[in-house]
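Visitor: Just passing along the structure, written as structure tokens.
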Amino acid sequence: MAKIRLADALVKILEKEGTKFVFGHPGEQILPFYQALQNSSIKHILTRHEQGAAHAADGYARSSFQPGVCVASAGPGALNLVMGVATAYKDSIPLLVITGDVSSQLKGENVFQDVDINAVFEPITLQSHLVKEPQEGIQLLKMTILTLKTGKTGPIHLNIPRDVLQMEVDQSLLDETVELNLPNDWSNLKPAEKLVENSKKPLILAGAGVLWAHAVDDLHVLAEKHRIPVATTYPARGVLSEDHPLSLGLLGQRGTKAANFAGKNSDLVLAMGCRLSERTLKGLGDVPIIQVNLDEKVLKGSVNIQADVKKFLEKIRKTPPKNTDKWLEQLSKHPKTHKIRTNFKKLL
């Protein structure tokens, strides 16, 4: 069976998965990966600084709804990514972070550019892996891409020593598939449906998880079919156009009066793909919350469903609340803007 270097295999996998751009800054320990990129259809975007590469990959992911990819070398190169990777982590942006590292036999010997990169990245990523074998590198990359496209979103880090990047593996490994078992738990679906059916003043609270689940159209269908108003968290602004008659705008700190009034006076909140952070909770009253999220750690609603948002919206679509005309009329009396009060005139 034909052999292939791990660096070349990684690039071929990225090509097959539709990666168009890699943002990065080259350095000694990541050079095998850059050599593989030379003959690739993937376009490398050279940044002046590694932090710029991480932010650029983050921005690409936000605008394209595809995972961003950033690359750096060992030591200072990898550490310069930290600010951008941490930003993506806090905002749950799907990011593939690849760093080169000193050769395996030199790890921990305090040689040039030898630092514990994984220890630095572990708190600011969903996963941080030190790749010790080329077969493991192929498996991890495939699983990472699948996770970022269909599972919980955020940065995943692969740290690969230079000697491992140059090791060879059977090319047949590129064709092997991986499977990701998503935790779709529907045990609370019936209680959720009952709450919706009894609701007279429902409110959809959309988070960025709606975007990453590619569930925008499904949310539109649910809101428009049953005339349910929609508020958003900050990262999800625009998931429903803010001039749409059912849109209330941002909820929570600095939220609109309409959204925050709805949050405090509704009789049911459907929190879709959001964390219910302290900033969002400022716009919510003591109200039953159906929270849907793949991340079990953020579930804190009255009825929690650990599942893909798109699949939940498909299941709940045929479950109508009570007539919402009076509720919408009540909300229409509140402005959908947030006015900023300043003392600029006094300063002048």
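The values are calculated or read from the model by the stated rules, or taken from the named source; none is laboratory data. In this text, all values refer to a predicted model and were calculated from it rather than measured experimentally. Using ideal geometry, Cβ is built from the backbone for each residue, glycine included, and neighbour counts are taken over all protein chains shown. Surface accessibility is based on the protein's heavy atoms, side chains included, excluding ligands, DNA and RNA. Shrake-Rupley method; radii C 1.70, N 1.55, O 1.52, S 1.80 Å.
Visitor: Given the criteria modelled with pLDDT under 95, surrounded by fewer than 20 Cβ atoms within 10 Å (Cβ to Cβ) and among the acidic types (Asp, Glu), does Glu296 qualify? Break it down into steps so the answer makes sense when it comes.
Guide: Values: modelled with pLDDT under 95: yes; surrounded by fewer than 20 Cβ atoms within 10 Å (Cβ to Cβ): yes; among the acidic types (Asp, Glu): yes.
Against the criterion (modelled with pLDDT under 95, surrounded by fewer than 20 Cβ atoms within 10 Å (Cβ to Cβ) and among the acidic types (Asp, Glu)), Glu296 qualifies.
Visitor: Is there a residue in the stretch 184-191 that is in contact with a helix residue (DSSP H, G or I) (Cβ under 8 Å, 6 or more places away or on another chain) and of a type in the set (S, T, N, Q)?
Guide: Restricting attention to the stretch 184-191, the residues satisfying the condition of being in contact with a helix residue (DSSP H, G or I) (Cβ under 8 Å, 6 or more places away or on another chain) are 184, 186, 189.
Filter once more, so that each one left must be of a type in the set (S, T, N, Q): 184.
Yes: one or more hits.
Visitor: Also, quick follow-up: Looking at the stretch 144-171, which of the residues that are assigned to a helix (DSSP H, G or I) and open to solvent by 40 Å² or more (accessible area, probe 1.4 Å) is nearest to Asp58 (Cα to Cα)?
Guide: Residues of the stretch 144-171 assigned to a helix (DSSP H, G or I): 144-150, 162-165, 171.
This time we only want the ones that are open to solvent by 40 Å² or more (accessible area, probe 1.4 Å), so: 146, 149-150, 162, 171.
Working: Leu146: 18, Lys149: 14, Thr150: 17, Arg162: 25, Gln171: 31 Å.
Per the criteria, the residue is Lys149.
Visitor: To continue, here is another question. For residues that are more than 17 Å from Leu313 (Cβ to Cβ) and charged (D, E, K, R), scanning just the stretch 195-213, find the one that is nearest to the chain's Cα centre (by Cα). Give the derivation first.
Guide: Quick first cut of the stretch 195-213, residues more than 17 Å from Leu313 (Cβ to Cβ) only: 198, 200-201.
Cutting the leftovers down to charged (D, E, K, R) gives us 200-201.
Details: Lys200: 32, Lys201: 30 Å.
Once the filter is applied, the top-ranked residue is Lys201.
Visitor: If you don't mind, there's one more thing I want to ask. Scan the stretch 174-192 for residues that are under 23 Å from Ile204 (Cβ atoms) and among the polar types (S, T, N, Q) and jot them down. Outline the logic, then answer.
Guide: The first filter runs over the stretch 174-192 and keeps only residues under 23 Å from Ile204 (Cβ atoms), leaving 182-192.
Result: Asn184, Ser187, Asn188.
Visitor: Next question. Could you please find all residues in the stretch 4-13 being open to solvent by less than 10 Å² (accessible area, probe 1.4 Å) and either without any contact (Cβ under 8 Å) to a residue 60 or more places away in the chain or among the aromatic types (Phe, Trp, Tyr) (or both)?
Guide: If the condition is that a residue be open to solvent by less than 10 Å² (accessible area, probe 1.4 Å) and either without any contact (Cβ under 8 Å) to a residue 60 or more places away in the chain or among the aromatic types (Phe, Trp, Tyr) (or both), then Val11 is the only one that fits.
Visitor: Can you find a residue in the stretch 183-194 that is free of Cβ contacts under 8 Å to residues at least 40 places away in the same chain, over 30 Å from Ser266 (Cα atoms) and either over 21 Å from the mean Cα position of the chain (by Cα) or open to solvent by 30 Å² or more (accessible area, probe 1.4 Å) (or both)? Talk me through it step by step, then tell me what you get.
Guide: Keep residues of the stretch 183-194 that are free of Cβ contacts under 8 Å to residues at least 40 places away in the same chain, which gives 187, 190, 194.
Filter once more, keeping what is over 30 Å from Ser266 (Cα atoms): none.
Within the stretch 183-194, not a single residue is free of Cβ contacts under 8 Å to residues at least 40 places away in the same chain, over 30 Å from Ser266 (Cα atoms) and either over 21 Å from the mean Cα position of the chain (by Cα) or open to solvent by 30 Å² or more (accessible area, probe 1.4 Å) (or both).
Visitor: Of Gly273, Gly283, Gly249, which residue is small (Gly, Ala, Ser), at pLDDT 95 or above and over 20 Å from Val216 (Cβ atoms)?
Guide: Gly283
Visitor: Can you name every residue in the stretch 214-234 that is open to solvent by 20 Å² or more (accessible area, probe 1.4 Å), in contact (Cβ under 8 Å) with a residue 60 or more places away in the chain and either on the phi > 0 side of the Ramachandran plot or of a type in the set (A, V, I, L, M) (or both)?
Guide: His214, Val221, Arg227, listed by residue number.
Visitor: Filter the stretch 262-289 for residues that are of a type outside the set (S, T, N, Q), open to solvent by 20 Å² or more (accessible area, probe 1.4 Å) and within 18 Å of Arg237 (Cβ to Cβ) and give the result.
Guide: If the condition is that a residue be of a type outside the set (S, T, N, Q), open to solvent by 20 Å² or more (accessible area, probe 1.4 Å) and within 18 Å of Arg237 (Cβ to Cβ), then Arg275, Arg279, Leu281, Lys282 are the ones that fit.
Visitor: Can you name the condition, by its number, that Lys315 falls short on among (1) within 24 Å of Ala215 (Cα to Cα); (2) in contact (Cβ under 8 Å) with a residue 12 or more places away in the chain; (3) open to solvent by less than 40 Å² (accessible area, probe 1.4 Å)?
Guide: Of everything listed in (1) within 24 Å of Ala215 (Cα to Cα); (2) in contact (Cβ under 8 Å) with a residue 12 or more places away in the chain; (3) open to solvent by less than 40 Å² (accessible area, probe 1.4 Å), Lys315 misses just condition (3).
Visitor: Can I ask one more? Going by the structure shown, is Val210 touching a residue at least 12 places away in the same chain (Cβ under 8 Å), of a type in the set (Val, Ile, Thr) and under 22 Å from Asn188 (Cα atoms)?
Guide: Numbers: touching a residue at least 12 places away in the same chain (Cβ under 8 Å): yes; of a type in the set (Val, Ile, Thr): yes; under 22 Å from Asn188 (Cα atoms): yes.
Taking the combined requirement at face value, the residue satisfies it.
Visitor: Restricting to the stretch 202-213, give me the number of residues that are open to solvent by 10 Å² or more (accessible area, probe 1.4 Å), touching a helix residue (DSSP H, G or I) at 6+ places or on another chain (Cβ under 6 Å) and either farther than 14 Å from Gly273 by Cβ or among the hydrophobic types (A, V, I, L, M, F, W, C) (or both).
Guide: 2
Visitor: Now for a different question. Kindly indicate which of Leu195, Leu246, Leu211 is under 24 Å from Thr147 (Cα atoms) and of a type in the set (A, V, I, L, M).
Guide: Residue meeting the stated conditions: Leu211.
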